[in-house]
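The values are calculated or read from the model by the stated rules, or taken from the named source; none is laboratory data. Fair warning: this is a prediction, and the values are worked out from it, not measured in the lab. We place every Cβ from the backbone using ideal geometry, glycine too, and count neighbours over all the protein chains shown. Remember, those area values only see protein heavy atoms, side chains included, never the ligands or the DNA or RNA. Shrake-Rupley method; radii C 1.70, N 1.55, O 1.52, S 1.80 Å.
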Amino acid sequence: MDPSDTPETPGTPETPDAPVTPLERALHVARALVLADLAAGRVAAADVVSMVEDSVAQRRWWVEQWPEGAEFVTGLVAQDVQDALLETYGRWPLCPVCGSGDPHALEVEPELGADPHWVCHKAGVRVAAVGALGPALGGTPA
């Protein structure tokens, strides 16, 4: 039998119609949204993308333990990456709203909740949803 004649097992990763679990969907969405914000801020270097992957791997375990928390994964990954960047590069993302004073980072709100967004606590405004930071930074929507 020719190896190309072997049938694929339904549901395997090689099969294009493999079902995507809600957990995987939440993790893929979180990864994509955070990467979009990193790219908008022009900080999506290879080592920074690795930070995203590390966070996604850690959050996979977290959401496996608490499946109801899947809707919170995007905000948590954004916070994880922001914390990792602070340790190695400095504050990110810098606030595009406040034009004067010391540069400061936006924060993710809610800290643990659905519909995470970037806020400037200094100005008291919601700047953008996580994943939609591009226009606020002067770029184009993702």
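Miscellaneous remarks
- Taking every alpha-carbon pair in region 76-126 and binning the separations at 10 Å intervals from zero gives 26, 53, 21, 0 percent.
- Modelled FRET efficiency - R0 30 Å, residue 43 with residue 68, Cβ distances, 0.05 increments: 0.40
- Calculated over region 61-101: convex hull of Cα atoms, volume per residue (Å³): 85 Å³
- Residue separation of residue 87 and residue 53 scaled by 0.36 nm, minus their Cα-Cα distance, works out to 10.6 nm of gained length.
- Whole-number accessible area per residue in Å² for the chain, which is evaluated in the context of all protein chains at 1.4 Å: 59 Å²
- For region 41-117, the square roots a ≥ b ≥ c of the C-alpha gyration tensor eigenvalues yield an a/c of 1.5 or more together with a/b not exceeding b/c, which makes the shape oblate.
- Surface share of carbon and sulfur [accessible, 1.4 angstrom probe, percent] for the chain: 56 percent
- Annotation for region 60-124: chymotrypsin sites (Phe, Trp or Tyr not before Pro) lying in DSSP loop with at most 13 further Cβ atoms inside 10 Å of their Cβ are 89.
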